[in-house]
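As structure tokens, the structure follows; a few thoughts come after it.
The values are calculated or read from the model by the stated rules, or taken from the named source; none is laboratory data. Remember, predicted model here, so these are calculated numbers, not experimental data. When we count neighbours, we look across all protein chains shown, and the Cβ atoms used for this are built from the backbone with ideal geometry, even at glycine. Heads up: the accessible areas ignore ligands, DNA and RNA and are worked out on the full protein's heavy atoms, side chains in. Shrake-Rupley method; radii C 1.70, N 1.55, O 1.52, S 1.80 Å.
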Amino acid sequence: QPPPLLIAGLSSGMLELAGEIADGVILWLCSPAYVRSVVVPAVARGRAKAGKSLEGFEVVAAVPVALTGDAGAVTLLFKEELTRYLLLPFYRTMITASGFGDDLAAYDRDRASCSSPALAVPDPLAAALGGIGDRRVIHEYVSAYRQAGVTLPAIRPIGFPDAPHYRPTLEALAG
């Protein structure tokens, strides 16, 4: 058997193509709401074109999380990471389609006047794109992806391996 073919996708057209010709799709920075309202319907359209159901099709979503008692510091770290994506057209389109157009507009308006662009990232946007907090928060965050239609949440600790929460996050999720 050849290995499964998974295609990274973000826009409806690419998601539909993945559904039509691939065995799965890989997502990055898609909120559970986007998965539910855009990803799954687009993939289903592609599967229907190919005469296939969603059964066995993998929806892999990178799920950024951090197990921490200092949610404020890790949220700022995550916001710093988000700033590079908030300027890219495809991500901006996806974020707007996710219902965060007003948050994106606020970021655009405020980023130049902040000492760091990360400080302009609205809290609701960061909270929708990353699970930060205790075990309950992370469990609920990952569960939201599963309920939205993700078959394989690909957990990714926020930040870099030298961050104090990085290893505890991996250990908690491995156990």
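In segment 118-136, is there at least one residue being part of a loop (DSSP other than H, G, I, E, B) and closer than 13 Å to Val74 by Cα?
We begin by selecting, within segment 118-136, every residue part of a loop (DSSP other than H, G, I, E, B); these are 121-122, 130, 134.
Those still in the list that are closer than 13 Å to Val74 by Cα too: 130, 134.
Yes; the residues of segment 118-136 include at least one that is part of a loop (DSSP other than H, G, I, E, B) and closer than 13 Å to Val74 by Cα.
Scanning segment 53-72 for residues that are within 18 Å of Leu152 (Cβ to Cβ) and either open to solvent by less than 30 Å² (accessible area, probe 1.4 Å) or not aliphatic (A, V, I, L, M) (or both) yields Ser53, Glu55, Gly56, Phe57, Glu58, Val59, Val60, Ala61, Ala62, Val63, Pro64, Val65. For segment 50-63, the criterion of being out of contact with any strand residue (DSSP E or B) (no Cβ under 8 Å at 6 or more places or on another chain), without any contact (Cβ under 8 Å) to a residue 40 or more places away in the chain, assigned to a helix (DSSP H, G or I) and not small (Gly, Ala, Ser) is satisfied by no residue at all.
Starting from residues that are among the polar types (S, T, N, Q) and part of a loop (DSSP other than H, G, I, E, B), keep the ones in segment 108-117 and report whichever is farthest from Thr75 (Cα to Cα). Walk me through how you get there before you give the answer.
Going through segment 108-117, the residues among the polar types (S, T, N, Q) turn out to be 113, 115-116.
Add one more test, that the residue is part of a loop (DSSP other than H, G, I, E, B), and what stays is 115-116.
Details: Ser115: 16, Ser116: 14 Å.
Top of the filtered list is Ser115.
Suppose we filter Ala33, Ala61, Ala18, Ala8 for residues that are of a type outside the set (S, T, N, Q) and touching a Pro at 6+ places or on another chain (Cβ under 7 Å); which single one remains? On inspection, the qualifying residue turns out to be Ala61. Only one of the numbered conditions (1) surrounded by fewer than 21 Cβ atoms within 10 Å (Cβ to Cβ); (2) closer than 23 Å to Pro157 by Cα; (3) of a type in the set (Val, Ile, Thr); (4) in contact with a helix residue (DSSP H, G or I) (Cβ under 7 Å, 6 or more places away or on another chain) is not met by Val25, and that is (1).
Looking at Thr75, Thr83, which is the one that is open to solvent by less than 80 Å² (accessible area, probe 1.4 Å), farther than 24 Å from Arg36 by Cα, in contact with a strand residue (DSSP E or B) (Cβ under 8 Å, 6 or more places away or on another chain) and part of a helix (DSSP H, G or I)?
Values: Thr83 fails: in contact with a strand residue (DSSP E or B) (Cβ under 8 Å, 6 or more places away or on another chain).
None of the other options fit; the residue is Thr75.
If you check Ala33, Ala66 for being assigned to a strand (DSSP E or B), closer than 19 Å to Ala128 by Cα and under 16 Å from the mean Cα position of the chain (by Cα), only one passes: Ala66. Would you call Arg156 surrounded by 14 or more Cβ atoms within 10 Å (Cβ to Cβ), outside any helix (DSSP H, G or I) and of a type in the set (Lys, Arg)? Taking the combined requirement at face value, the residue satisfies it.
Quick one: which of Thr151, Thr96, Thr83 is touching an Asp or Glu at 6+ places or on another chain (Cβ under 6 Å) and of a type in the set (Ser, Thr, Tyr)? Step through it out loud before you land on a result.
Values: Thr96 fails: touching an Asp or Glu at 6+ places or on another chain (Cβ under 6 Å); Thr83 fails: touching an Asp or Glu at 6+ places or on another chain (Cβ under 6 Å).
Residue meeting the stated conditions: Thr151.
Within segment 87-102, being buried (at least 21 other Cβ atoms within 10 Å of the Cβ) and of a type outside the set (Ser, Thr, Tyr) holds for Met94, Ile95, Phe100.
Taking the stated definitions as given, is Leu119 under 25 Å from Asp162 (Cα atoms), open to solvent by 30 Å² or more (accessible area, probe 1.4 Å) and in contact with a His (Cβ under 8 Å, 6 or more places away or on another chain)? Spelling it out, it is not the case that Leu119 is under 25 Å from Asp162 (Cα atoms), open to solvent by 30 Å² or more (accessible area, probe 1.4 Å) and in contact with a His (Cβ under 8 Å, 6 or more places away or on another chain).
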